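Heads up, the thing below is written out as structure tokens.
Just so you know, all these numbers are worked out from the coordinates, no wet-lab data involved. This is a predicted model, so every value here is computed, not measured. Virtual Cβ from ideal backbone geometry, glycine too; neighbours counted across all protein chains shown.
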There are 2 protein chains.
Amino acid sequence: MVVLEISEHDVNRLFRALADSTRRDIVRRTLVTDVSVSQLADAYEMSFAAVQKHVAVLEEARLVTKESRGRERMVRANLDRIRQAQRLLDHFEELWRSRIDRLDILLAQDQSTPDEPAPPPSSLKAAT
Amino acid sequence: MVVLEISEHDVNRLFRALADSTRRDIVRRTLVTDVSVSQLADAYEMSFAAVQKHVAVLEEARLVTKESRGRERMVRANLDRIRQAQRLLDHFEELWRSRIDRLDILLAQDQSTPDEPAPPPSSLKAAT
DNA sequence: TTATCATACAATCAAATGGTTGTATTAGAG
DNA sequence: CTCTAATACAACCATTTGATTGTATGATAA
């Protein structure tokens, strides 16, 4: 099993960083190619400084990194972090899915006749 | 293919709603059982009104619904919406993964000797 | 060397967030 | 009917967010 060594605070920052269309678009654009901050700024209807700030938020969430190239700062998606985020989302999905599945089982039980032999408890011990 | 009929604005709200530990915990708690707002409030070190607001944020993101039961308001995770969110995350994952995969292919090409037969172009046409 | 382009960073501002307390309403319990 | 528990909601407050403009610095091009 994969352990997610990511703090609650980091999870908050991660979701927060993704909760903005411009920032999601920046991640998308920087996945394949490095893009300078000014190139990004050209793409949006907002000031250079505003785009700089969005990049900074993504950087704090470690979703992108910046690298100096001449006088430019190239922004690049942090693939490791993104894969980590994907695993995190998988984790939520699994956690939630398993709860939903267990709920479905309980509902099915409720609809069946009460004296039916109980299906194997399938370890209802709370997961997290 | 499944179409995600969810607006950018809704995606923002969704991620925003998930960017708080308390709110994620509320979703977790209400997945299996209905829980009243006051029961939730007992679980956290904050005022009843604060918990009410968190529930309201989740409600606006449509991650939970409220239902009157006597004088109580039972909070319940909105499974349809959660499944929709999961599909959305899957969608991001796929989109990103495919971009990352294409990038990996490009990197592999760069590292190989230039006169080696180029691997099948595998449709580098930008997705989205 | 001197413009100029790309960036950094500070100050400012309005709006949103996340919390509080206080008051009003409503439904059950006695 | 009266008390109380559960909720709704308004007002308020501090902090953060998302944007702006202005100024300073550093690297390149001419």
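Using only the alpha carbon atoms of the range B:8-78, find the Kirkwood hydrodynamic radius as the inverse mean reciprocal pair distance, in angstroms to one decimal. If you can, show how the numbers build up before the last one.
Numbers: mean 1/r = 0.0833 Å⁻¹.
Its Kirkwood hydrodynamic radius stands at 12.0 Å.
Just to confirm a number: summing +1 for Lys and Arg and -1 for Asp and Glu over residues other than A:Arg62 whose beta-carbon lies under 9 angstrom from that of A:Arg62, what do you get? Overall, the nearby charge balance is -2. A full extension of the chain between A:Val32 and A:Leu79 corresponds to an added length of 15.9 nm, given 0.36 nm per residue minus the alpha carbon distance.
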